[in-house]
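Presented below is the structure to which this report refers.
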Amino acid sequence: MKTALIAKDKPGALDIRKANRDAHVAYLKATDAVELAGPFVDENGDMCGSLIILDMDMAAAQDWADNDPYKKADLFASVELIAWNKVIG
């Protein structure tokens with residue numbers, strides 16, 4: 001099962017994102033379950049959220065999301081986990 005994690009940053013939180021980016025990227029690379037990952041960008045090209053496709057069930061994805069360094073740094077205004085079905089790519 002695949003799960004999409006869609007997170008939106010709190011307004012004005014770019015400094016929090018930048019300060020925790022290295023730890024977040026290391027966390028992404030520490031598991032084989034991350035299939036795709038990247039930031040959303042705003043009209044200025046600044047990072048403002050995240051899209052991550054995880055190859056794990058919903059319960060495991062929730063645990064993974066709870067341990068993300070960005071979550072621990074209180075970066076996100078919202079996080080949504082949605083079951084996802086890959087069709088192309």
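Things to note:
- Annotation note: of Asp74, Asp22, Asp57, the sole residue that is of a type outside the set (A, V, I, L, M, F, W, C) and within 16 Å of Lys2 (Cβ to Cβ) is Asp57.
- Residue list for the stretch 64-89, filter: of a type outside the set (A, V, I, L, M, F, W, C), without any contact (Cβ under 8 Å) to a residue 40 or more places away in the chain and exposed (fewer than 11 other Cβ atoms within 10 Å of the Cβ): Asp66, Gly89
- Residues of the stretch 27-45 that turn out to be of a type outside the set (Asp, Glu), touching a residue at least 24 places away in the same chain (Cβ under 8 Å) and either touching a strand residue (DSSP E or B) at 6+ places or on another chain (Cβ under 6 Å) or closer than 14 Å to Asp55 by Cβ (or both), as a count: 4
- Qualifying residue in the stretch 40-52 (condition: surrounded by 15 or more Cβ atoms within 10 Å (Cβ to Cβ), within 12 Å of the chain's Cα centre (by Cα) and of a type in the set (Phe, Trp, Tyr)): no
- Number of residues in the stretch 5-60 that are outside any helix (DSSP H, G or I) and either among the aliphatic types (A, V, I, L, M) or closer than 27 Å to Asn85 by Cβ (or both) equals 29.
Read the figures in this text as sums done on the coordinates, not as results from a lab. Worth saying up front: this structure is predicted, and the values here are computed from it rather than measured. Note that each Cβ is placed from the backbone with ideal geometry, even for glycine, and that neighbours are counted across all protein chains shown.
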